[in-house]
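Have a look at the structure below before the remarks.
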Amino acid sequence: MPVRTLYTMPCADIGVGMTCHSILLSAAVAGYQTDLSCARAEWTGDEPFLIHQTMPWVFGRLPYRYLKRAVDYLTHRRYLSSIRDGDVAYLWPSVPIEVYETLAARNIPIVAEAVNTLMSVAKPILDAAYDDLGLPPNHGITQARIANQERRFALCAAVFVPNRLTEEAMAGSAISGRVIGASYGTWVPRSLAAHPAARSDRPVRFLFLGTACVRKGIHKLLDAWRSAPPGTELRIVGRMEPEIRQLFADVLNRSDVSCSSFTRDVASEYRHADVSILPSFEEGDPIATYEAAAHGVPVMATTAGAGRLGERDGIIEIFDNNDKAQMVAKIAEFAASEEQRRHRGEAARHAVAEFDWGKVGARRFARLHEHLGNQRETRKS
């Protein structure tokens, strides 16, 4: 069954766009039929699947936001006119509910990508996190968006769910039988550049890579860093929420803390890191955890930050971001033992091989076709 993918927005080679592209690439290489419709794609053009772009190349340099209304209308119209009976519609979160409704009316099976934790589950978690800082909830999840998401999923034949928390939340719902447990991943390098040798005169570097925001628990890490042991340093790579910069200026201005904005050279950051740390309150299935593991860097994370890789015993060092003493103790433990860092890094590198994109996409499509096949057999009986 051809799987026709609709992304709507420009499909960039970073973030969610990269995730979508990696899944489709893996599935296509494995022999599954798929294509991608989007506003614009930032890829080489030699993919083993078709990419249908709405924006002509002459408009490629114009910001998408200036053309969004017209481009989205054309993207959706072309997608809906091209999809046929027997196809599967694979919709990413940027797709409006009207497209879901049109496809459902035509009895086209729809599979949705959840990407993050179910909104109804994430909202109270993030409300509490912002409240803890005395800030208004700046996460953007509203009751209207929750209702919209629930309506979308109700129209689906299947929903790819990237984490255990959402699986559990959906277990007792009306759509529990449509859930397909899935993961994200990374491209695992076949070989690694030499990691800088440990030296007594070099601090042990803890790396936080991602948007430095309340959702990812950066404020909990910065608070804990006030009690960080000597001989350590914190490296933060990613855009920072302005309120965080204001509330934790004392920590961010310390000599053992360095910050950088977004970078494409993540390999260099991991090569110079001794430990990756991700204290998230809520995630889908964080790519940063897979990337760190793929580079042989040991990972400290909350259950949310550990993702699917954290479901395997002994791979990720799990901590509670609401327990400052525990976090500080684990930072000190990793800082004190090069042997522990090496052992956990090797274990993570070995485990992440099963989450290489080359396996992840094919595995997802195999589960999807099995799921849809089972639904057809159930309807026949």
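Just so it is clear, none of the values below were taken in a lab; they were calculated from the coordinates. What you see is a predicted model, and the numbers here were worked out from it, not measured in a lab. In this analysis, Cβ positions are derived from the backbone assuming ideal geometry, glycine residues included, and neighbour counts consider all displayed protein chains.
Candidate cross-link partners of LYS380 among the aspartates and glutamates, defined by an alpha-carbon separation under 17 Å and a same-chain spacing of 8 or more, comprise GLU370.
Counted over the chain with a bin width of 20 Å, the fraction of Cα pairs per bin, in whole percents, is 27, 56, 17, 0. When you count the other C-beta atoms within 10 angstrom of each residue and take the mean per peptide, 164-175, 181-192 line up highest first as 181-192, 164-175. Extending 7 Å from Cα along the Cβ direction at ALA366 and again at ARG342 yields two label points whose distance is 3.6 nm.
Measuring between their Cα centroids, region 285-356 and region 121-169 lie 25 Å from each other.
Can you tell me how region 15-94 classifies by the Cα gyration tensor, rounded, prolate or oblate, using a/c under 1.5 as the rounded cut? The shape class here is oblate.
Here's how it looks for CYS156: its modeled amide H is under 5 Å from none belonging to a residue 5 or more places away or on a different chain. With 24 Å as the limit, the listed pairs LYS216/LYS324; LYS68/LYS359; LYS220/LYS359 have LYS68/LYS359; LYS220/LYS359 beyond it between alpha carbons.
Each of ASP35, ASP85 has some number of other Cβ atoms within 10 Å of its Cβ, and from fewest to most they run ASP85, ASP35. Using just its DSSP H runs of length 4 or more, each adding -39500 (n - 2.57), the chain gives a mean residue ellipticity at 222 nm of -13000 deg cm²/dmol after division by all residues. Placing +1 on the Cβ of every Lys and Arg and -1 on the Cβ of every Asp and Glu, with nothing else charged, gives the chain a dipole about its Cα centre of roughly 920 debye.
Highest mean packing first, where packing is the average number of other Cβ atoms within 10 Å per residue, the peptides 368-379, 12-23 line up as 12-23, 368-379.
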